[in-house]
Amino acid sequence: MTKHSTTTPWEYADLPALVRRMTGDEKHHSASSSTLDVLWVLYDRVLDVSPDRVDAEGRDRFLLSKGHGPMAYYAVLAAKGFLDPDQLSDWATFGSPLGYHPDRMLIPGVEIGSGSLGHGLPLAVGTALGLRARGIDSRVVVLTGDAELDEGSNHEAIAVAGRLGLDRLTTVVVDNASASHGWPGGIEGRFTVEGWHGATVDGRDHDALYTALTTRPAGRPSVVVARVEPFDAPDHAHQDPATTTEERAR
Amino acid sequence: MSTRPAPAAENGERPAKTMRDVFVETVTARLGEDDRLAVVLADISADSFAPAAARWPDRVLNVGIREQAMIGVAGGLALTGLRPVVHSYTPFLVERPFEQLKISIGHQGVGAVLVSIGGSFDASAAGRTHQAPGDVALLDTLPGWRVHVPGHPDEVPALLRDAFDSEDPVYVRLSGPTNSRPMPVGAGVHPVRSGPGPDRGVVLAVGPVLDQTVEGVGDLDVTVLYTPTVRPFDAAGLAEAVGRARHADVLLVEPYLAGTSAHRVASALEAVPHRLRSLGVSRDAELRAYGTPEEHMTAHGLDATSIGRAAREFFRS
């Protein structure tokens, strides 16, 4: 399939500057955002999406389920031409389409509104089933966090997707070890026991992410666990300005 | 599980179809004509849909006993342009996955057709876990939902087809108890009867409580209206009927939580001083009793005798 994309002057190295338009904090450890590298690899190399095809039936679907701390998402969307970078500076104000959690009805190219945890994976399963029923050969990628997996709705969806063999579906779990009770035995196993293909990679290694995200055995959904630094490590003490203790865990 | 047998049964013919039978038939027929329609189940009624699932396996989906996934999957189907019909027992369709209805359907800006069975207490012997008299009141907290409460199996197909053709979120509340005869199901309130002169007031009966309402008010000179559609609420139709009565007095009889539509009546009549009495399932205490649906109707004052007594107390001469 031809990969559609839009050429912009922005590169990966520009993302911290785009994030700073939202934080207004020159010292902010922008690049520490746990999702930044996964999002970049997806939008730069994996997904068949572009700003001029946001309603095209054959586009790939990316669902950001972990809607907390969306600055990296907004920065990548701006870098790829879905948003005007000038929209970033007044985010979360009354008239801005950009909130602390994204709203698909306000931002063209955003596939779901998220924020309440545990909705993206069931929506992704339904999206994959809908595309299958309509004979549209697009893939569906949903991004969750390791703490988000606490929500039981995910496990309903993991089981259903596995049993139905939804091979157009990929779940990326960004694992910054923030789940309060952890996942003894690992996250990948929670999916593979239900029949998913699994891979666990360094969530900062773009080539490893690319390889994992483009390895899709037929007949099974895939999970990519992208491990990044534990959230409370000293280098990453700074997070989103709006982040509360409770939200940080997510 | 009808409280009253339909005339066909009284005549010794085949028992009338239940609302669920008609629902399965109507959906199955439509699946063959409309490749946009899809069904999502969580085991309830999966047997009834088995022939359809065999024929259209990509569009008749059973997720097992997973109601959060059921609604999330429906939201995802709708995001791809399909029209999902989602079906389960009332508490497992509306109450258990309520935040999914709010976020995975409403907040995503998509619609679905929710079709419940069980009503408020069809499963009276099953106890509180299988009863959901608060379903319509809960959906009333979300914007944009259309709510249909058919009173007879013959009212179901037209309401469903209308829901299939729409993009809106629609809730169709099926129940075991039915009225003896079908009524018109077009938009708005429908006159059932009125006296020769100006009536003392207006009774509005919703869905399957019409028969006992008509029986209960007896020869009281009141206008009786019927509707199987409570959202949108026909404010103009009610106000017009009230305008013809001697007093702006309304007795609202609903088969679910008492007063669920009271705020809509109040809005409809905001231009005139009015009185309202709402009958329905009690909000005050959990009824810890099994027995029959009829016994629950009586316990909540929804039997003909109780409705008649309430009407005679309420309406002025």
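Sort the following peptides by mean Cβ neighbour count (other Cβ atoms within 10 Å, averaged over residues), highest first: A:101-110, B:102-111.
Per-residue Cβ counts within 10 Å, averaged per peptide and sorted highest first, yield B:102-111, A:101-110.
Which whole number gives the average, over all residues in B:57-65, of C-beta atoms from other chains lying within 10 Å of the residue C-beta?
For peptide B:57-65, the averaged partner shielding equals 4.
Can you compute the charge dipole magnitude of the protein assembly as shown about its Cα centre, using +1 on each Lys and Arg Cβ and -1 on each Asp and Glu Cβ, nothing else charged? Give it in debye, rounded to the nearest 20.
1000 debye
Using only atoms on other chains, find how many Cβ atoms lie within 10 Å of each Cβ of peptide A:158-165 and report the average.
3
What is the average number of partner chain Cβ atoms found within 10 Å of a Cβ in B:101-108? Intermediate values should be presented prior to the final figure.
Values: counts 0, 2, 8, 10, 1, 1, 9, 9.
Neighbouring Cβ atoms belonging to other protein chains average 5 per residue here.
Net charge near B:HIS296: determine it from the other residues with C-beta under 13 Å of the C-beta of B:HIS296, scoring Lys and Arg +1 and Asp and Glu -1.
-3
Within the set of other residues whose C-beta is less than 14 Å from the C-beta of A:GLY165, count the net charge using Lys and Arg as +1 and Asp and Glu as -1.
Value of the local net charge: +2.
For the charge dipole of chain A, defined by +1 on Lys and Arg C-beta atoms and -1 on Asp and Glu C-beta atoms about the Cα centroid, which residue among A:LEU131, A:THR170, A:ALA75 has the Cα displaced farthest towards the positive pole?
The Cα lying farthest towards the positive end belongs to A:LEU131.
Over the protein assembly as shown, what is the percentage of antiparallel beta bridges among all DSSP beta bridges, to the nearest 5?
10 percent
Between region A:56-77 and region B:75-110, how many Å separate their Cα centres?
After rounding, the separation between the Cα centres reads 22 Å.
Taking the Cα centre as origin and putting +1 on Lys and Arg beta-carbons and -1 on Asp and Glu beta-carbons, what dipole magnitude results for chain B, to the nearest 20 debye?
So the dipole magnitude of chain B works out to roughly 380 debye.
With unit charges on the beta carbons (Lys and Arg positive, Asp and Glu negative) and the dipole taken about the Cα centre of chain B, which residue among B:PHE23, B:ALA112, B:HIS300 sits farthest to the positive side?
Farthest towards the positive end: B:HIS300.
Please give the Cα centre distance for region A:124-194 versus region B:286-317, rounded to the nearest Å.
Between the Cα centre of region A:124-194 and that of region B:286-317, the gap is 49 Å.
Determine Rg/Rh for region B:7-173; Rg is computed over alpha-carbon atoms and Rh is the Kirkwood hydrodynamic estimate from the same atoms.
Here Rg/Rh amounts to 0.95.
For region A:79-120 and region B:222-240, what is the centre-to-centre distance using only Cα atoms, to the nearest Å?
Result: 41 Å between the Cα centres.
Ignoring GluC sites (Glu not before Pro) that are buried or in helix or strand per DSSP, and keeping those with at most 14 other beta carbon atoms within 10 Å, what is the longest stretch of chain A between them?
Numbers: sites that count: A:GLU11, A:GLU26, A:GLU57.
No qualifying site falls inside A:58-250, the longest such stretch.
What is the sum of charges around A:ASP84, taking Lys and Arg as +1, Asp and Glu as -1, for the other residues whose C-beta is under 13 Å from the C-beta of A:ASP84?
Local net charge: 0.
Ratio to report: Rg/Rh of region B:88-149, with Cα atoms as the point set and Rh obtained by the Kirkwood method; give two decimals.
Numbers: Rg = 11.8 Å, Rh = 12.0 Å.
Taking Rg over the Kirkwood Rh, I get 0.98.
How compact is chain B by the rule of thumb for globular proteins, expressed as Cα Rg over 2.2 N^0.38 Å?
Normalised Rg, Cα atoms only: 0.99.
Can you list residues whose amide H is under 5 Å from A:VAL172's amide H, if they're 5+ apart or on another chain and H is modeled 1.01 Å from N?
Excluding prolines and chain starts, which carry no amide H, the hits are A:VAL142, A:LEU143, A:THR144, A:VAL224.
With only Lys, Arg, Asp and Glu charged, each at its Cβ (+1 for the first two, -1 for the last two), find how big the charge dipole of region A:90-172 is about the Cα centre; round to the nearest 20 debye. Walk me through the numbers on the way to the answer.
On the way: 6 positive and 10 negative charges, 93 e Å.
Taking the Cα centre of region A:90-172 as origin, the dipole is about 440 debye.
How big is the equivalent ellipsoid of the protein assembly as shown along its three axes, where each semi-axis is √(5λ) from the Cα gyration tensor, reported in whole Å from largest to smallest? The partial results should precede the final answer.
Numbers: eigenvalues 515, 130, 83 Å².
One finds semi-axes of 51, 26, 20 Å for the protein assembly as shown.
Show me the three semi-axes of the equivalent ellipsoid for chain A, from the C-alpha gyration tensor (sqrt of 5 times each eigenvalue), largest first, rounded to whole Å. Provide the component values of the computation, followed by the final result.
Numbers: eigenvalues 136, 97, 53 Å².
Equivalent ellipsoid of chain A: 26, 22, 16 Å, largest first.
Any chance you could tell me what percent of the C-alpha pair distances in region B:190-314 go past 21 Å?
34 percent
What are the GluC sites (Glu not before Pro) within region B:210-296 that DSSP puts in a loop, where the Cβ has at most 14 other Cβ atoms within 10 Å?
Numbers: sites: B:GLU215, B:GLU240, B:GLU270, B:GLU286, B:GLU294, B:GLU295; in loops: B:GLU270, B:GLU286.
Sites meeting the loop and neighbour criteria: B:GLU270, B:GLU286.
Say the dipole of region B:190-314 comes from +1 at the beta carbon of Lys and Arg and -1 at that of Asp and Glu; which of B:GLY280, B:GLY259, B:ALA245 then lies farthest toward its positive end?
Sorting the options by dipole projection puts first B:ALA245.
Just so you know, all these numbers are worked out from the coordinates, no wet-lab data involved. Only a predicted model underlies this, so the values are computations on that prediction, with no experimental measurement involved. Cβ: placed from backbone, ideal geometry, glycine included. Neighbour counts: every protein chain shown.
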